[in-house]
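Trainee: Pasting a structure here, questions to come.
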């Protein structure tokens, strides 16, 4: 109906009075009445379904000059502002423009927000709708763009991985945002989209782009806080390097995101060199394909894609966070304890206390610039404090081809079986299993033209498995995806230190291969009284040491390691030698 | 040394007389003498190693004005023309410019041919070297380009799949070919390469490209005959559609191609919409990666990549063609029986009598234009005549995600095992197995934005398996690759009819999915006296009937099917109703 109203608007002045009155009185007004009153729960709901209804009713109000409909759409049926478009604006987006379901649904929800917002602006500019809530509508548009890499949205929660900046919703959004801000970086997004809308906004986008005003979009390191007040965790986006393909780490420290949310508290995605390196599976769904359940979410979306084991985060005792119950997940969220962009580093840390009963999960992740011109290093410390005797797993899914590893694996070469019984474990084949001597292991893979080495250091005797999706998938609904699983079979307090190191170059066209081996000699930890050092020794003799307060508190620390005193004050620091 | 000579050429005139004489007499001449006489077997060999030696010796001859060295390089040590560069030109390339090892090695071998060819042309234009053998040097350059799709070479035989038009050898080749022909289509190849050589030829490429003279390269349907006289089979390239991404079917009806050849007689590759749809595994090798056997061919190259089961062709009794012995393979080749480009179709047929003892393999493949604007249809008939009671397998490897299939599969959901014991079968996991009722089955997959349905019709009770590479691969050397295996468990005379149908559109960004189901109702065969009809019935009621003479002979045929007489004269025909 939102679209129909747009159509009606365009032809209204060309209609005879009689036609206009009939359309208005016999068609549009009854429909708007029906939409707003037949199912008041939907109309009053703070949810994108409610926004579609509000937009339809309000835009009808403008189209047929019925101000009552407009008020109802803006303020809810009781005209008290507890429902309706303004309440939805205030409550569905965080102050940073993050939509709690994630970018895939954000771009969908954006459509009625942008279209109705523009209708309000055009008809009643005095409402200053685009200034409402500190300009939240604009923030929401921009936040959607920031949640992308190489043109595609971060595939967190239920997301079709192919969805990106060129969706029609964001074409409207970019045109509107450009009209509001004149930011020439938006023109580069419009050019990626390849088309614009046939409106005045779109015309300005097209003519300014043709006039060569375009500059690169200002992708940056930012925290998109979640929740209406920005107090329910957030999505941390760490970027380092030049341009839109700068290395990008996404830390999903958000709230649950309702029914389409995944049980993936504190999960990570890493992009580098134009590719997704540490991957998120996204949704198990083939849009509009009849043979795939008509395009609906497939059974494997619940049994695999939403489960914790499908993500790059910790699983305790083979059960998913919040026991796989999204309503429970909805009641809590991680606390962001550190978010800082410093000289040569970005860092984010978060903690959640009730993903499991009596369990604390805390993750601290650094993105470190390298002096030698190679890609940034990811240094990640995952602390788990749970019941003694627990099995603690940290999976890591990667794109690419394994080229080397330090583990002596038993390979399941002629026969292989599923990893576990339930909660997503039943969908993984075990390709290999081995022990991690001293908890330490090293895995190198090749993703297109670059090598990546994953250095893992677990706090106790650990096991490693190479796993691959595809088990218990009768209809071939799953994509094949390989992963590395590090397991502490029996632990209570546990720590996983992970270093992800991009290195070298593989150019089979030019027959050039450089630095296919890791440059890191060893990764080790040194425990202080209230802080930990992670020391990374390079084969060159260089050493990078990261210091982290165990409680993320601002305190003074002194730790002696390799005959040297490391002193600092604060929750974290970096020493380069 | 070829490159050193180029370098010396560039600086020669800037040297003092004394330096020049010392370099020539103490360095270059002794090296050229050594190269040509120390290992005469290599120097005299008709092989790319011999060409590198000849080029080095001959170019040294020009550089130090020693005509004896030049003659030796051109005509061999005995100056009789039985060895040396001219003999290599005549014997290593077929009259169509096909190099028997395939395009991956062709572009490698091209380098000394082009560089020495240019040296001869520059120093002794009266030799008309580029006219030698009906211009075979130019044919060889062009044939290399024709053996590519979307910038990458067809990955037949031992080939690094990432290798394509932008290799330095072909940069030289394109510049030389452009100098010779002025064909502006070559400029589009140069632009894809993104760079050119610092020579007069390269300058002309660069300036003509800058002047906007570029036109698309003339990719076309062509048969590249194999063998010095063009009598040893050939590579058939069938193209249909617009531009460089036109649907392209590659039928590998060539000879063995020496030690780097694969045991894949009559195998097919299909490209469509910019992607490889029916795939060739290429080589198991990671160039220059120390952890992968230093970048050499991996053990899985012999145990998997070269074996017949790794290709889209028939395997009898789980053994590879010519028993996996390339020297045996070298002694024979397929006979091309039909190659024709007609109105709305291309067709190629070939036969080989000794891939197995007492066995005839014959394959007839049509590429048919569709009236309804959808992509061309591939209709493929594979006839096998072997010992009764043989197990006859036809695998088909595809890129993409299975979305639908007609077979009631037993899925190996919690445990899976390898397909067979040896000859590559040990590297395949069996993901599912089922029976093909009446030999007929249908499989649909999604490759990027398009659906493909494989309709199979076997001549007897058949089985189907879904397989995937990865078994018995201790070092994770194999890429994951899914395939469909159709098996006649016990047969003597057998026929596999395969129809590959591109259809529909999947655009998750725009949320548009069209025609994800096949438009084909049924595929059936009707046997006549000396010919067969393959009838394809569409859901629209349309029918396409392909007629094939069983011996590819030109004869008159009359067959009655569905109450209708089909009459034609010749080895093949197409009826559209």
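Trainee: Using label points projected 7 Å from each Cα along Cα→Cβ, tell me how many nm separate residue A:527 and residue B:479, to one decimal.
Mentor: With each label placed 7 Å out from Cα toward Cβ, I get 4.6 nm.
Trainee: At residue A:229, label 7 Å along Cα→Cβ: distances to the other copies, nm, ascending?
Mentor: Distances between equivalent label points, in nm: 9.2.
Trainee: In addition: How many nanometers, to one decimal and shortest first, lie between the label point of residue B:9 and those of its other copies, if labels sit 7 Å from Cα toward Cβ?
Mentor: Distances between equivalent label points, in nm: 6.9.
Trainee: Assume the label is 7 Å from Cα along Cα to beta carbon: what separations in nm does residue A:134 have to the matching positions in the other copies?
Mentor: Here the equivalent label points are 7.8 nm apart from this one.
Trainee: Let me ask another. How well do other chains shield peptide A:163-170, expressed as the mean number of their Cβ atoms within 10 Å of each residue Cβ? Present the calculation step by step, with values, prior to reporting the outcome.
Mentor: Values: counts 4, 2, 1, 2, 4, 3, 0, 0.
Taking all residues of A:163-170 together, the mean is 2.
Trainee: Continuing with this model, one more query. Describe numerically, in nm with one decimal, the distance between label points set 7 Å from Cα along Cα→Cβ at residue B:65 and at residue B:510.
Mentor: 6.9 nm
Trainee: A further question on this structure: What FRET efficiency comes out for the pair residue B:77/residue A:415, r = Cβ-Cβ distance, R0 = 60 Å, nearest 0.05? All intermediate terms of the calculation are to be shown ahead of the outcome.
Mentor: Values: r = 58 Å, r/R0 = 0.96.
Efficiency for this residue pair is about 0.55.
Trainee: Between residue A:26 and residue A:211, how high is the FRET efficiency from 1/(1 + (r/R0)^6) when r is the Cβ-Cβ distance and R₀ = 30 Å? Nearest 0.05. Kindly include the intermediate steps, with their values, before the conclusion.
Mentor: Working: r = 47 Å, r/R0 = 1.55.
According to the calculation, E is roughly 0.05.
Trainee: Moving on. Pull out the extension gain between residue A:399 and residue A:195, defined as 0.36 nm times the separation in residues minus the alpha carbon to alpha carbon distance; nm, one decimal.
Mentor: Values: separation 204, 0.36 × 204 = 73.44 nm, distance 3.12 nm.
That works out to 70.3 nm of additional length.
Trainee: Find the relative contact order for region A:119-230 and round it to a whole percent, using C-alpha pairs within less than 8 Å whose residues are 6+ positions apart. Before the final figure, lay out the partial values.
Mentor: Values: 110 pairs, mean separation 20.9, N = 112.
Relative contact order of region A:119-230: 19 percent.
Trainee: Moving on to the next point. What is the packing order of peptides A:271-283, B:115-127, taking the mean over residues of other C-beta atoms within 10 Å and listing the highest first?
Mentor: Working: A:271-283: 21.8, B:115-127: 18.4.
Highest-to-lowest ranking by the protection proxy: A:271-283, B:115-127.
Trainee: For the ranges B:427-438, B:250-261, A:32-43, what's the packing order if you count other beta-carbon atoms within 10 Å of each residue, average per peptide, and put the highest first?
Mentor: On the way: B:427-438: 19.7, B:250-261: 24.2, A:32-43: 15.8.
So the order, starting with the most tightly packed, is B:250-261, B:427-438, A:32-43.
Trainee: Can I get the semi-axes of region B:499-553's equivalent ellipsoid? Compute them from the C-alpha gyration tensor as square roots of 5 times the eigenvalues, in angstrom, largest first. If you can, show how the numbers build up before the last one.
Mentor: Values: eigenvalues 223, 26, 8 Å².
Its equivalent ellipsoid spans semi-axes of 33, 11, 6 Å.
Trainee: Right, another one. Ordered by packing density, taken as the mean number of other Cβ atoms within 10 Å over each peptide's residues, highest first, how do B:84-96, B:237-249 rank?
Mentor: Working: B:84-96: 22.0, B:237-249: 19.7.
By packing density, highest mean first, the sequence is B:84-96, B:237-249.
Trainee: Please state, as a whole number in µm²/s, the translational diffusion coefficient that the Stokes-Einstein equation yields for chain B at 25 °C and 0.890 mPa s, with Rh defined as the Kirkwood radius across alpha carbon pairs. Before the final figure, lay out each step's value.
Mentor: Details: Rh = 25.5 Å.
For the chosen part, D equals 96 µm²/s.
Trainee: Here's a follow-up. Over chain A, what is the relative contact order in whole percent, taking alpha-carbon pairs under 8 Å and six or more residues apart? Mind showing how you got there, number by number?
Mentor: Details: 1341 pairs, mean separation 44.5, N = 577.
Relative contact order for chain A comes out at 8 percent.
Trainee: While we're on this one: Across peptide B:508-515, what mean number of C-beta atoms from other chains lies inside 10 Å of a residue's C-beta? Before the final figure, lay out each step's value.
Mentor: Numbers: counts 10, 12, 5, 8, 2, 7, 1, 0.
Mean shielding count: 6.
Trainee: Relative contact order for region A:1-139: what is it in percent, counting Cα pairs under 8 Å that are at least 6 residues apart? Let's see the in-between values first.
Mentor: Working: 169 pairs, mean separation 26.5, N = 139.
Once normalised by length, the contact order is 19 percent.
Trainee: Using alpha carbon centroids, what distance separates region A:527-569 and region B:431-476, in Å?
Mentor: With region A:527-569 and region B:431-476 each reduced to a Cα centre, they are spaced 55 Å.
Trainee: Next up: Take the Cβ-Cβ distance between residue A:576 and residue A:391 as r, set R0 to 35 Å, and report the resulting FRET efficiency rounded to the nearest 0.05. Provide the component values of the computation, followed by the final result.
Mentor: Values: r = 37 Å, r/R0 = 1.05.
Efficiency, rounded to the nearest 0.05: 0.40.
Trainee: What full-extension length gain, to one decimal in nm, is calculated for residue A:569 and residue A:39 as 0.36 nm per residue of separation minus the Cα-Cα distance? Could the numbers behind the result be given before it?
Mentor: Numbers: separation 530, 0.36 × 530 = 190.80 nm, distance 5.80 nm.
Separation in residues times 0.36 nm, less the Cα-Cα distance, equals 185.0 nm.
Trainee: Still on this structure: Give me the base-10 log of I(q)/I(0) for the protein assembly as shown at each q in 0.05, 0.06, 0.08 Å⁻¹, Debye formula, one uniform scatterer per Cα, rounded to two decimals.
Mentor: Debye intensities relative to I(0), on a log10 scale: -0.41, -0.59, -1.02.
Trainee: Show that you can apply the helix-only estimate: for chain A, add -39,500 (n - 2.57) for every DSSP H stretch of four or more residues, divide by all residues, and state [θ] at 222 nm to the nearest 500.
Mentor: Numbers: 13 runs with 139 residues, N = 577.
Taken over chain A, the calculation gives -7000 deg cm²/dmol.
Trainee: Next question. Calculate, in nm to one decimal, what residue A:562 and residue A:134 gain on full extension: separation in residues at 0.36 nm each, minus their alpha carbon distance. Please report the intermediate quantities before stating the final value.
Mentor: Details: separation 428, 0.36 × 428 = 154.08 nm, distance 5.17 nm.
Result: 148.9 nm gained on full extension.
Trainee: How far is the Cα center of region B:147-202 from the Cα center of region A:78-153, in Å?
Mentor: 50 Å
Trainee: Between residue B:127 and residue A:12, what is the label-to-label distance in nm when each label sits 7 Å out along the Cα-to-Cβ direction?
Mentor: It is 8.4 nm.
Trainee: Counting only other chains, what is the mean number of Cβ atoms within 10 angstrom of the Cβ of each residue in peptide A:289-295? Walk me through the numbers on the way to the answer.
Mentor: Values: counts 11, 5, 9, 7, 0, 0, 3.
That average works out to 5.
None of the figures in this text is laboratory data; all of them are computed from the coordinates on show. Nothing here was measured: the structure is a model prediction, and the numbers come from that model. Glycine also receives a Cβ, built like all others from the backbone with ideal geometry; neighbour counts cover every protein chain displayed.
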